[in-house]
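Trainee: Here's a structure for you.
The values are calculated or read from the model by the stated rules, or taken from the named source; none is laboratory data. Quick caveat, the model's predicted, so the values are computed rather than measured. All Cβ positions, even for glycine, are placed from backbone atoms using ideal geometry, and neighbour counts span all protein chains on display. SASA here: full protein model, heavy atoms, side chains in, ligands and nucleic acids out. Shrake-Rupley method; radii C 1.70, N 1.55, O 1.52, S 1.80 Å.
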Amino acid sequence: MNKFYAIFMLIILIALTVEPGHGIKCYNCDSTSNQDCTEITKNSGIVAETCTPSIMASTTGNWLADLTRIEYFGGAEITVPMVCQKIVATNENGDTMTYRGCQLDGGKTDPCQIAFGKAKLQRGVSIEHCSICKDDECNGAFSTIRGSRTAAVAFASLLIVAIANRVLL
């Protein structure tokens, strides 16, 4: 009975940490229109948004967002896997821009490799950094708080297993 209780509590704990039905949340900004986009801090006022193809498509008007966009067949809002992206690049005028935004999940195709390929076709464009990530707010600045929820779940799971083993001995 005690082993059943421990397993039941572990399942409940895991279920509480899952957020069903929510898409990935990414920062959407560029440093030409918002200088805070270069280094996002909690005081910057930039808030992560839930990614959808329409959010991705609406981010236009700057050369880096237009360069890195993977086109999709628009129309009605569709549900597709999304990721967060951060790119730092320099254009032919020597202007450096940081762009953070939503991107279609390329599956086995790396969106950064597509961006590097498109940049080679543009005269004077050089991508200095490109990264893709799949966790909420992962295209922001590094934070020591990120991952604390996972650590808490892991610790609680180990505690439950240890208590169950002690009770069963």
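Trainee: Just one of (1) open to solvent by less than 20 Å² (accessible area, probe 1.4 Å); (2) modelled with pLDDT under 90; (3) over 21 Å from residue 119 (Cα atoms) trips up residue 10, so point out which.
Mentor: The failed condition is (1).
Trainee: Counting only residues that are buried (at least 16 other Cβ atoms within 10 Å of the Cβ) and either in contact with a Ser or Thr (Cβ under 7 Å, 6 or more places away or on another chain) or at pLDDT below 80 (or both), how many does segment 31-52 have?
Mentor: Selection size over segment 31-52: 3.
Trainee: Continuing with the same structure: Taking segment 120-131 as the region of interest, how many residues are over 9 Å from residue 89 (Cα atoms) and either out of contact with any Lys or Arg (no Cβ under 9 Å at 6 or more places or on another chain) or open to solvent by 60 Å² or more (accessible area, probe 1.4 Å) (or both)?
Mentor: The qualifying residues number 5.
Trainee: Can you pull out the residues in segment 89-103 that are assigned to a loop (DSSP other than H, G, I, E, B) and touching a residue at least 40 places away in the same chain (Cβ under 8 Å)?
Mentor: If the condition is that a residue be assigned to a loop (DSSP other than H, G, I, E, B) and touching a residue at least 40 places away in the same chain (Cβ under 8 Å), then 95 is the only one that fits.
Trainee: Now for a different question. Among (1) closer than 17 Å to residue 29 by Cα; (2) open to solvent by less than 60 Å² (accessible area, probe 1.4 Å), there is one condition residue 95 misses while meeting the rest; what is its number?
Mentor: Here residue 95 clears every test but (2).
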